[in-house]
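The structure appears below as structure tokens.
The values are calculated or read from the model by the stated rules, or taken from the named source; none is laboratory data. No experiment lies behind these values; they were computed from the predicted model shown. When we count neighbours, we look across all protein chains shown, and the Cβ atoms used for this are built from the backbone with ideal geometry, even at glycine.
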There are 2 protein chains.
Amino acid sequence: MLNRIQELNPKLNVYLTTCEETAIGQATEAERALCSRARSKSRRDRGTLHGIPISLKDNIYTAGVRTTGGSKILREFVPLDDAQVVASLKRAGAVILGKTNMHEFAYGVTTENPHFGAAHNPWDLERIAGGSSGGSAAALAAGLCYGSIGTDTGGSIRIPAALCGVVGLKPGMGSVDAQHVIPLSKTLDVVGPMARTVEDVALLFRAICVEAKNEGQSSSRRPPRARRFILGIPKEFYFHVLSQEVELSFQTAIRVLNKLGVRFKEVSIPLLAETEEAGNQIAWAEATSHHQQAGWFPQRAGEYGEDVRVRLEMGTKVSAVDYLGAFELRAKFIASLRDAVLASGIDALVVPTTPIVAPRLAEDSVTIKGTKHSTRALLLRLNRPANLAGVPAISVPCGLTGSGLPGGFQLVGGLGGELQLLELARRFEQACPLNAQPNLYFAD
Amino acid sequence: MLNRIQELNPKLNVYLTTCEETAIGQATEAERALCSRARSKSRRDRGTLHGIPISLKDNIYTAGVRTTGGSKILREFVPLDDAQVVASLKRAGAVILGKTNMHEFAYGVTTENPHFGAAHNPWDLERIAGGSSGGSAAALAAGLCYGSIGTDTGGSIRIPAALCGVVGLKPGMGSVDAQHVIPLSKTLDVVGPMARTVEDVALLFRAICVEAKNEGQSSSRRPPRARRFILGIPKEFYFHVLSQEVELSFQTAIRVLNKLGVRFKEVSIPLLAETEEAGNQIAWAEATSHHQQAGWFPQRAGEYGEDVRVRLEMGTKVSAVDYLGAFELRAKFIASLRDAVLASGIDALVVPTTPIVAPRLAEDSVTIKGTKHSTRALLLRLNRPANLAGVPAISVPCGLTGSGLPGGFQLVGGLGGELQLLELARRFEQACPLNAQPNLYFAD
């Protein structure tokens, strides 16, 4: 894996830091533990992640390993502590390979990083990996790790997962400890797993969720019994702005789910359109507040990339009354989502992850059916509702679109429903595996 | 009691609504229950508040009885439900006498109400009762109820209690249910009891606290065992701006406590001075947000009194970043308070309640030792820290000052420490009862 990183990272720019020495140390120790005859089985085999090479988004604290947050400001920052999630991974036997590229301070969805360079999409090096956990998704797609941990405030796990053809789970609020992870927007941020298959994401989730921490090892949560799932398809919002190739890709996903015996119900969720504005108000204000409290903004405004600086300035203009109003709307939206789900007896919503496949680098706007949209707004659009509601959502690949790029769809569940989403996604994946990988040896 | 209200309310203007018919009905039923031979004792005697006439601040919902919030906007508002606290009082046998005058929407500390007229201080009708629960405090001092329920966002129970010579307990955050009480600032508001003696306040608190609701009757919380109390006297902030008569009155309280065997320790609590600004930012923003969400502001701006309208306008100018910054400061202040208390092993802080005795009606500023201060800022000054920290605080009278007006001091405890504060206040009261009452028959 380290050799592969050495070979491909110059093309992809997905690792900001690799931990070669400690990774080899951890791998050697893992191997020795399994080979040792002297100890009891429980001490030899540390579980599902024993010896598995994992990467971490570079906003997750790693003791003794620099954690830049993708920023110039923290370029030299070396934390004293591991984030809780890193401690959990290590306890489960994982080998930490390195820290992945990301959008500066996780405040954007393209991972075009002005300080470390853009992460490239392995399916087409001229295209973005998505963000903000772009390095993680691209590293997975390129085979440069077996799992990764990202963060998601408005889609930052699911967007790059969809654009790079990997699986990304945004857990529900409170399901994974977020201590010692550089915050973007404290009431929206969550930490979650990404991998090449649903099963790997499930293994990671069980290792890092809060129950795992409490139970000392992997979570004892049980997946729901095999049954006939009912999925809700929202009438509003999700299908209003979609590129044709994503539309076709989503229809494929629905056909596969249908063959699996899933039933569908149309559901109505009012206020979906209003979540965009409310999400912006909350994220802008909380991000600027954090950067101000940290003493970075406005004092070190010149050290930010242009796009992040502009967003931090927008945060200063949100009024407290609008911020509190966004929370009132958030509460009403959660209630309407809960009512829609309860009333229809559905297990989850099924919607696309992004309205477009991976855009080209520096492509600030995309035209869909004659109308020009901001790339950033498009990529966030279908993701933010789950952040505002605090519910889990998983992005799953569903084949390649006409342009040969991956498409993805999203399952959005109820609080605490991660294992149910994972079970449904697993069935989908068995019926419709991606069965393709980017050919990086011809890419240049 | 109803006759006394009829006689004195025209002078004092402390009741906005009296419930004569239902009060007599409840009293008759209470009497009958005690006299009835047929039933078991438990069904006859409903406990400590059986038949006791209680008043309620007019921002507390009463089913079928108008609840104006002291406002023109809600002049005709008749709730369908009782607030939880009212249900608890009724279950404990209380007779609800009526609804008391208050500062408009609880957004001020003088109870000079532009729509219903000012509440007058029974000790000097030319002076304010304080606020925002001014009607409750003045009604108690004048003997127009035996207990009252007020609300406290920045001192609204303790300020009028101190200015009128009665006892007022601001419970800790979460100790008393605040549902169906018109909000002022949702993260600072608490509901609490007021009465003429500490023992009566304790009876009321036991009847309305959340444990009482859960246990069906009065709380089973036990007062702490008799022991030697240690009180903290803060080095910072509390004694910087005090009128001479309040200084003397506070020294008297300290002497009495000293004779009771209380020990004192000087404690240092950083950030106290910063709580004023943080408290304002939070209260202004949350108040305006609520009035905006309710559709009152700015649509019906003309129906507010001048002072409240100006404050609601100030709320629109608070930025979200400053609001969130105030919460960061709030968290740091709570930590510094906890550290100071833990490090010194103290039971509570002892400080004055207000830097001045009751000012005259319309006296917008007060001069202390040559410096002019806003009356509003002075009255809030020593109270707000307990709201920001969410901890309980009780104001207890300590005799009359040189000008013949009541003085009061405050005990500020730790979360969940209401009964400890009440026990200490009870000992003080036994040693130093007020032993005086306003003579309302000579007042004009």
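Filtering B:ALA393, B:ALA358, B:ALA362 for residues that are away from every other protein chain (no Cβ under 14 Å), surrounded by fewer than 21 Cβ atoms within 10 Å (Cβ to Cβ) and modelled with pLDDT of 95 or more leaves a single hit, B:ALA362.
Once segment A:300-322 is narrowed to residues that are more than 14 Å from chain B (Cβ to nearest Cβ) and in contact with a Gly (Cβ under 9 Å, 6 or more places away or on another chain), the residue that is surrounded by the most Cβ atoms within 10 Å (Cβ to Cβ) is A:VAL308.
Comparison of B:GLY117, B:GLY147, B:GLY143 shows that the only residue that is among the small types (Gly, Ala, Ser), closer than 21 Å to B:THR67 by Cβ and surrounded by fewer than 24 Cβ atoms within 10 Å (Cβ to Cβ) is B:GLY117.
The C-beta contact set for segment A:305-330 (first residue farther than 19 Å from B:ALA278 by Cα, second residue among the acidic types (Asp, Glu) and surrounded by fewer than 22 Cβ atoms within 10 Å (Cβ to Cβ), distance under 8 angstrom, 6+ apart or interchain) comprises A:ALA326/A:GLU277; A:LEU329/A:GLU274. Kindly evaluate B:LEU342 against the criterion of being over 30 Å from B:VAL262 (Cβ atoms) and out of contact with any helix residue (DSSP H, G or I) (no Cβ under 8 Å at 6 or more places or on another chain). Here the answer is no, as B:LEU342 does not meet what is asked. Tallying residues that are surrounded by fewer than 23 Cβ atoms within 10 Å (Cβ to Cβ) and over 16 Å from B:VAL391 (Cα atoms) within segment B:330-355 yields 4. Residues in segment B:159-180: is at least one surrounded by fewer than 24 Cβ atoms within 10 Å (Cβ to Cβ), touching a Lys or Arg at 6+ places or on another chain (Cβ under 8 Å), at pLDDT 95 or above and closer than 30 Å to B:ALA285 by Cβ? Within segment B:159-180, one or more residues are surrounded by fewer than 24 Cβ atoms within 10 Å (Cβ to Cβ), touching a Lys or Arg at 6+ places or on another chain (Cβ under 8 Å), at pLDDT 95 or above and closer than 30 Å to B:ALA285 by Cβ.
Matching residues to (1) within 14 Å of another protein chain (Cβ to nearest Cβ); (2) in a loop (DSSP other than H, G, I, E, B):
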position: B:PHE237; (1), (2): no, yes
position: B:HIS240; (1), (2): no, yes
position: B:GLU247; (1), (2): no, no
position: B:GLU266; (1), (2): no, no
position: B:ALA278; (1), (2): yes, no
position: B:THR288; (1), (2): yes, no
position: B:PRO298; (1), (2): yes, yes
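Looking only at segment B:300-333, residues that are over 27 Å from B:PRO270 (Cα atoms) and not in a helix (DSSP H, G or I) come to 4 in all. With the structure loaded, tell me whether B:LEU380 is touching an Asp or Glu at 6+ places or on another chain (Cβ under 9 Å) and more than 19 Å from B:GLY150 (Cβ to Cβ) or whether it fails that test. For B:LEU380, the condition - touching an Asp or Glu at 6+ places or on another chain (Cβ under 9 Å) and more than 19 Å from B:GLY150 (Cβ to Cβ) - is not met. Here A:GLN292 fits the description: more than 21 Å from A:THR110 (Cβ to Cβ), in a helix (DSSP H, G or I), of a type outside the set (A, V, I, L, M) and free of Cβ contacts under 8 Å to residues at least 40 places away in the same chain.
For the residues B:LEU80, B:LEU97, the requirement of being within 17 Å of B:HIS180 (Cα to Cα) and aliphatic (A, V, I, L, M) singles out B:LEU80. Here the helices (runs of 4 or more DSSP H) wholly within segment A:24-141 that include at least 3 residues being touching a residue at least 40 places away in the same chain (Cβ under 8 Å) are A:84-91, A:134-141.
When segment A:323-344 is limited to residues that are within 13 Å of chain B (Cβ to nearest Cβ) and touching a Ser or Thr at 6+ places or on another chain (Cβ under 7 Å), the one that is nearest to B:TRP284 (Cα to Cα) turns out to be A:LEU324.
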